[in-house]
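Values quoted throughout were computed directly from the atomic coordinates according to the rules given, and no laboratory measurement underlies them. Being a predicted model, the structure only gives us computed values, none of them experimental. Cβ placement follows ideal geometry from the backbone for every residue including glycine, while neighbour counts extend to all protein chains displayed.
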């Protein structure tokens, strides 16, 4: 399940390290409508929760003007795409967002905002064991140990596919979907590298199109909640291109 939200932000530009802004927007939207759910996902001021958050999002600037230095000039307009496999999260985000007029930042800072329009996108049910996806937000594939001083991998790195499959396996085990990495086949059709900054740290992300063969439940989960690591931080959202069978 996913929705598209058209938002107007009362600033001329934002920093290229912008995903943290929309992480704050999502957290505060959920808290506005369902504080208990927010506590389950994030914890509170005393105890922060590091739990799997079954959602992902992507940000698009439809009126992008320019990128200059560390700033993105975007004419105040933002398209926010939000996807999850849980009704409660979608309902809380949607209803909480309608009440939101400010995005809290670090300290006492905030950004004024206005929700222009928000609508539910058609639901896609994948019924095949093979599907083609295109990235809507960059994918991060990390490694459990540094490889040549790298902690994030590109598709041409030797360890990439093993680590990518490990991440997918771990993600599905959280939801109780039993399978093994031998059931996954990934064919990356094309990609481009995208070094970026997130919370002040440089990370090696990538964008592209790939075909994946796996159990149907696995394909549905990565479509609904994203793929790779840091999915709830604005990475790994996918656009469904085609499969042998879907609704």
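Under the classification rounded if a/c is under 1.5, otherwise prolate if a/b is larger than b/c and oblate if not, where does segment 132-191 fall, given a ≥ b ≥ c as square roots of the Cα gyration tensor eigenvalues?
oblate
What list do you get for 189, 123 if you sort them by fewest beta carbons within 10 Å?
The fewest-first ordering by Cβ neighbours comes to 123, 189.
Just to be sure I follow: if Rg is taken over the C-alpha atoms of the chain and Rh is the Kirkwood radius over the same atoms, what is Rg/Rh?
Ratio of gyration radius to Kirkwood radius for the chain: 0.95.
Provide, in order from the shortest bin, the percent of all Cα-Cα pairs of segment 171-247 in each 10 Å bin, continuing until the bin that contains the maximum pair distance.
15, 47, 31, 7, 0
Sort segment 106-207 into rounded, prolate or oblate with this rule: let a ≥ b ≥ c be the square roots of the eigenvalues of the Cα gyration tensor; rounded if a/c is under 1.5, and if a/c is not under 1.5, prolate when a/b is larger than b/c, oblate otherwise.
It comes out oblate by the Cα gyration axes.
How much length, in nm to one decimal, is gained on full extension between residue 119 and residue 17, taken as 0.36 nm per residue of separation minus their Cα-Cα distance?
Answer, rounded to one decimal: 34.1 nm.
Report, largest value first, the span of the C-alpha coordinates of segment 2-120 along each principal axis, in whole Å.
39, 32, 23
How do 59, 51, 218 rank when sorted from fewest to most other Cβ atoms within 10 Å of their own Cβ?
Going from least to most buried by this count: 51, 59, 218.
Can you give the relative contact order of segment 130-243 as a percent, counting alpha carbon pairs under 8 Å and 6+ residues apart?
For segment 130-243, the relative contact order is 42 percent.
Within a 10 angstrom radius of the beta carbon, how do 116, 3, 26 rank from fewest other beta carbons to most?
116, 3, 26
If I model a spin label as a point 7 Å beyond the Cα along the Cα-Cβ vector, how far apart are those points for residue 182 and residue 207 in nm?
In this crude spin-label approximation the distance works out to 3.8 nm.
Given the alpha-carbon gyration tensor of segment 1-48, what are the semi-axes of its equivalent ellipsoid in whole angstrom, ordered largest first, with each equal to the square root of 5 times an eigenvalue?
Sorted largest first and rounded, they come to 23, 15, 9 Å.
Contact order normalised by length for segment 2-120, with contacts defined as Cα pairs under 8 Å and 6 or more residues apart; what percent is it?
Here the relative contact order equals 44 percent.
Per the Kirkwood formula on distinct C-alpha pairs, the Rh of segment 26-79 is how many angstrom?
It is 13.7 Å.
What's the center-to-center distance, using Cα atoms, between segment 69-126 and segment 162-194 in Å?
Rounded to whole Å, the Cα centres lie 28 Å apart.
Please compute the contact order of the chain in relative form: average sequence separation of alpha-carbon pairs under 8 Å and at least six residues apart, divided by the residue count, as a percent.
Result for the chain is 28 percent.
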